[in-house]
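Inspection log for the structure reproduced underneath, given as structure tokens.
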Amino acid sequence: MKKSLPGVALSALMLMSGSAVAADYKIDTEGQHAFVNFRIQHLGYSWLYGTFKNFEGTFTFDENNPAADKVNVTINTASVDTNHAERDKHLRSKDFLNSAKYPQATFTSTEVEKNADGLNITGNLTLNGVTKPLKLNAKLIGEGKDPWGNERAGFEAQGKIHLKDFNISKDLGPASQDAELIISVEGIRQ
């Protein structure tokens, strides 16, 4: 009986440490440590960049078990900002985001798996009343304690959406059919 006690204690410790690895995080939008950005070609001559200023979300991160990871984000579509008031007004209109009818866009992950460079996050993006699958390539930037004692983890992700898939039918020319997503988030462990 005495010989098995250390084995039981070690097994219990390993189980506890394994469950401690999975953690829930709230995306730190209050501290402005998170960005949902996009870019799209402008007439094939340059890139037009924009961001969504108002969003919130959570993620679960377990470095040893990516299948347990989850991501949920809600974006206020009226918060689109391209640093040009008239263009932003047009982007909120029925021609693009239709923010009056669809004030929120959401992303909910359905699968997370490791790849050579980081993580593939697959999920459902609902935008302009349409839900379609979206794949993001994500990288862990870093994790650890901040100066105030909170545990943080930060990621960068990239993806691409085809505008017509989301009933955005305004034709911006052949070079402007897709928008690239550039996402950077830092979460505080809950």
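The values are calculated or read from the model by the stated rules, or taken from the named source; none is laboratory data. As the structure is a computational prediction, the values presented were derived from the model and not from experiment. Neighbour counts are summed over all protein chains in view; Cβ atoms, including those assigned to glycine, are modelled from backbone coordinates with ideal geometry. For the accessible areas, the whole protein counts, side chains as well, though only heavy atoms, and no ligand, DNA or RNA atoms are used. Shrake-Rupley method; radii C 1.70, N 1.55, O 1.52, S 1.80 Å.
What about ASN124, is it without any contact (Cβ under 8 Å) to a residue 60 or more places away in the chain, touching a helix residue (DSSP H, G or I) at 6+ places or on another chain (Cβ under 6 Å), surrounded by 13 or more Cβ atoms within 10 Å (Cβ to Cβ) and under 23 Å from ALA179 (Cα atoms)? Considered against the rule, which asks whether it is without any contact (Cβ under 8 Å) to a residue 60 or more places away in the chain, touching a helix residue (DSSP H, G or I) at 6+ places or on another chain (Cβ under 6 Å), surrounded by 13 or more Cβ atoms within 10 Å (Cβ to Cβ) and under 23 Å from ALA179 (Cα atoms), ASN124 comes out as no. Quick one: is LEU10 at pLDDT 95 or above, over 19 Å from the mean Cα position of the chain (by Cα) and among the hydrophobic types (A, V, I, L, M, F, W, C)? In short, no. In segment 30-55, the qualifying residues are those that are hydrophobic (A, V, I, L, M, F, W, C) and open to solvent by 40 Å² or more (accessible area, probe 1.4 Å), and the one that is nearest to PHE155 (Cα to Cα) is PHE35.
In segment 148-190, what residues are in contact with a His (Cβ under 7 Å, 6 or more places away or on another chain) and without any contact (Cβ under 8 Å) to a residue 60 or more places away in the chain? Scanning segment 148-190 gives a single hit, GLN177. Being assigned to a loop (DSSP other than H, G, I, E, B) and closer than 21 Å to THR106 by Cβ is the filter here; which residues of segment 66-90 pass it? Correct list: ASP69 only.
In segment 31-66, how many are under 16 Å from the mean Cα position of the chain (by Cα) and closer than 30 Å to ASP171 by Cβ? Selection size over segment 31-66: 11. Looking at THR60, is it modelled with pLDDT of 95 or more and under 23 Å from LEU163 (Cβ atoms)? No; evaluated as a whole, the condition is false for this residue. Checking each residue in segment 69-117 for being farther than 17 Å from THR51 by Cβ, at pLDDT 95 or above and of a type in the set (Gly, Ala, Ser) picks out SER93, ALA100, SER109.
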